[in-house]
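Written out below as structure tokens is the structure these notes cover.
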Amino acid sequence: MGMLDGKKGVIFGVANERSIAWAIARALRHEGMELAFTYAGEALESRVRPLAGSVDAKIILPCDVTGVAQIKNVFDALKAEWGGIDALVHSLAFAKKEELKGEFLNTTREGFALALDVSAYSLVALTRAALPLMEGREAAIVTLSYYGAQKVIANYNVMGVAKAALETSVKYLAADLGPKGIRINTISAGPVKTLAAMGITGFKGILDMVETKSPLRRNVTQEDVAKTALYLLSGLSSGVTGETIYVDAGYNIMGI
Ligand code: NAD
């Protein structure tokens, strides 16, 4: 018997087996949740399908979050297949590689808009589309942020601004969703070696810094993050919404 038997959830953000979204999906499945997956673009389909199949997922759909029609298509399909959903995982972000190095000052208008659209606005769009399927189900949403939303991290640049928008969007969404009994929270994860992270110039130096300076003297794993996602998407966190919870080996609490 799993804690999430009979529950249904949709996962946005699996690219490969290193993705944080994949670790979250496995943790949810381990507790019995039935899962649906989306993938961003044809190139990723061949990676995501076998992973989704390995956790018995039947619904696997394309969804580039910049596309209104693709978002609608996903939630139409979920409504038709399941009637409703209990969980949504938003574990995705994007900025052009050239925006993730050098000075933030040089961020282009186009690069700024793209990073904010994919990495922050998409949470609003997905939440709005999911809402009719979540009402009356004590459903929950979780998204992924990083400390670069709060403090300046070299080369993180426009993604830090996008994560700040994401964390604040979670608070406003929590206020809108709360009266309907739906919760939404952010996990601010420490650095983890994934496809997205490798796009950040100097990422290895960030990993080394956390290992040296964090209270736990180590980096976190995808599984560390997934356990907190499980808490936030289950009844264990029934009184928690609008929060940013750090899963970073304690790095964020350190001063000098
Ligand atoms: P990842 O590369 O495995 O996942 C990023 C996902 O974003 C991919 O699945 C990609 O397909 C998706 N994506 C990008 N553009 C998209 C679009 N237009 N439409 C739909 N999906 C799109 O890397 P990850 O590290 O697992 O990233 C997941 C989340 O965790 C991101 O929000 C990231 O910022 C956040 N995060 C990562 C770290 C880290 O160090 N890895 C730390 C804190 C937060």
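Observations on the model:
- A129 being part of a helix (DSSP H, G or I), open to solvent by less than 20 Å² (accessible area, probe 1.4 Å) and within 21 Å of K180 (Cβ to Cβ): no
- Residue that is closer than 21 Å to L144 by Cβ and surrounded by fewer than 21 Cβ atoms within 10 Å (Cβ to Cβ), where the choices are L28, L61: L61
- Criterion violated by S19 - all others in (1) modelled with pLDDT of 95 or more; (2) over 13 Å from the mean Cα position of the chain (by Cα) satisfied: (2)
- Within the range 179-200, being at pLDDT 95 or above, over 16 Å from G235 (Cβ atoms) and surrounded by fewer than 17 Cβ atoms within 10 Å (Cβ to Cβ) holds for P179, K180, K193.
- One residue from A87, A80 being more than 15 Å from the ligand (Cβ to nearest atom) and either free of Cβ contacts under 8 Å to residues at least 24 places away in the same chain or open to solvent by 40 Å² or more (accessible area, probe 1.4 Å) (or both): A80
- Subset of the range 216-256 that is open to solvent by 60 Å² or more (accessible area, probe 1.4 Å) and of a type in the set (A, V, I, L, M, F, W, C) - its residue that is nearest to the chain's Cα centre (by Cα): L236
- Residue in the range 31-42 that is assigned to a helix (DSSP H, G or I), open to solvent by 70 Å² or more (accessible area, probe 1.4 Å), modelled with pLDDT under 95 and within 14 Å of the ligand (Cβ to nearest atom) present: yes
- The condition (being at pLDDT 95 or above, near the ligand (Cβ under 10 Å from one of its atoms) and aliphatic (A, V, I, L, M)) is satisfied by just one residue among L92, L61: L92.
- Test: G84 is closer than 16 Å to R183 by Cα and part of a loop (DSSP other than H, G, I, E, B): yes
- Checklist (1) surrounded by fewer than 16 Cβ atoms within 10 Å (Cβ to Cβ); (2) touching a residue at least 40 places away in the same chain (Cβ under 8 Å); (3) of a type in the set (D, E, K, R) applied to E99, failing item: (1)
- Test result for G53, free of Cβ contacts under 8 Å to residues at least 40 places away in the same chain and either within 16 Å of the ligand (Cβ to nearest atom) or assigned to a helix (DSSP H, G or I) (or both): yes
- Residue match in the range 189-208 (condition: among the polar types (S, T, N, Q), farther than 24 Å from N16 by Cα and more than 13 Å from the ligand (Cβ to nearest atom)): no
The values are calculated or read from the model by the stated rules, or taken from the named source; none is laboratory data. Bear in mind the structure is a predicted one, so any value in this text is a computation, not a measurement. Ideal geometry is used to build each Cβ from the backbone, glycine not excepted, and the neighbour counts take in all protein chains shown. With ligands, DNA and RNA removed, areas are computed over all heavy atoms of the protein, side chains included. Shrake-Rupley method; radii C 1.70, N 1.55, O 1.52, S 1.80 Å.
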